[in-house]
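Taking it in order: structure first as structure tokens, then the write-up.
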Amino acid sequence: MKILHLFPDLMNLYGDYGNIAILVRHLKDLGVPVTVDKRDVDDLIDFPSYDLVYMGPGTEKNQLVALKELKNYEYQFNEYINDNKLLLLTGNAMELLGERIDDEPAMNLVDFYTEITDKRYTGDVVVHNDTLGEVVGFINKSSLIHGGEKEKLFTYAFKDSNLIDNSYEGYHFKNVYGTHIIGPILVKNPSFLNLIVRSLARSQYRSIEYPYETAAYEVTLKALQNRK
């Protein structure tokens, strides 16, 4: 099992590398051998050799650097997605797959565009997905998303009033998951983590109980639901 952590030095805010750490631990608990490669700007990247590609959030400046670098691999990156390989993008990394970021053309794989503002939109959220149930986390961004409802990943069940944009959040198509939610999202949400682990482990998957992870999720969910 090979995981690519894409641009970990460039896109490294909010401790979202924790998504990779917990994923590796769960795979190893299942007896699945796993290696994590890190590739930054100017490194050669062989997308087809990986089972999961992950990118986390960065500053707005670094986001555009990451976009420029990713465009160098546009054909290979699209083939990776079309082969139904797993891709997880958190924070503003998810914006790279839209049509554009302000006036900068992006990867144009999802039907939305990003408007960068001079404000920050932050707050706790509870979102819903019919497969994952309730998902908790935090959003911290300076962008507004226009469009993308057709491929939405979540609908909001609760959000702080500072989060003023859509009633939906993130996107999902093929095996691609993009979300502004940080936290890290896999650490805070056993159902989402389990979905990724199951997809990667396949025949080696079996259910393992992690009571502390479950308890932490339930405490967070209850606290946020009480704020409605």
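Between the listed residues 207, 53, 12, the Cα displaced farthest toward the positive end of the dipole of region 2-225, a dipole computed from Cβ unit charges relative to the Cα centre, is found at 207. Distance from the C-alpha centroid of region 1-26 to that of region 39-110: 14 Å, rounded to the whole angstrom. Among the GluC sites (Glu not before Pro) in region 158-213, those placed in a DSSP loop whose Cβ has at most 16 other Cβ atoms within 10 Å are 209. Dividing the C-alpha radius of gyration of region 72-187 by 2.2 N^0.38 Å, with N its residue count, gives 1.03.
If you take every DSSP beta bridge whose two residues both sit in the chain, what share of them, in percent to the nearest 5, is antiparallel? Counting only bridges with both partners in the chain, antiparallel ones make up about 60 percent. Between the residues 172, 30, 182, the greatest Cα displacement towards the positive end of the dipole of the chain, with unit charges on the Cβ of Lys, Arg, Asp and Glu, is found for 30. In the chain, helices alone account for a calculated mean residue ellipticity at 222 nm of -8500 deg cm²/dmol, with every DSSP H run of four or more residues adding -39,500 (n - 2.57).
Across the cross-link table entries 68/159; 71/141; 141/188; 141/222, which are compared at the Cα atoms, the separations over 26 Å belong to 68/159.
Counting every alpha-carbon pair across region 126-228, the share separated by more than 16 Å comes to 60%.
Working from Cα pairs under 8 Å separated by at least six residues, relative contact order for the chain is 20 percent.
Given +1 at the Cβ of Lys and Arg, -1 at the Cβ of Asp and Glu and no other charges, the dipole of region 2-225 around its Cα centre is 660 debye to the nearest 20. Classify region 2-225 as rounded, prolate or oblate, taking a ≥ b ≥ c as the square roots of the eigenvalues of its Cα gyration tensor: rounded when a/c is under 1.5, otherwise prolate if a/b is larger than b/c and oblate if not. Judged from the Cα gyration tensor, region 2-225 comes out oblate (a/c at least 1.5, b/c at or above a/b).
Each value in this text was obtained by applying a stated rule to the coordinates, not by laboratory testing. Just so we're clear, the structure is a prediction, and the values are computed from it rather than from any experiment. Virtual Cβ from ideal backbone geometry, glycine too; neighbours counted across all protein chains shown.
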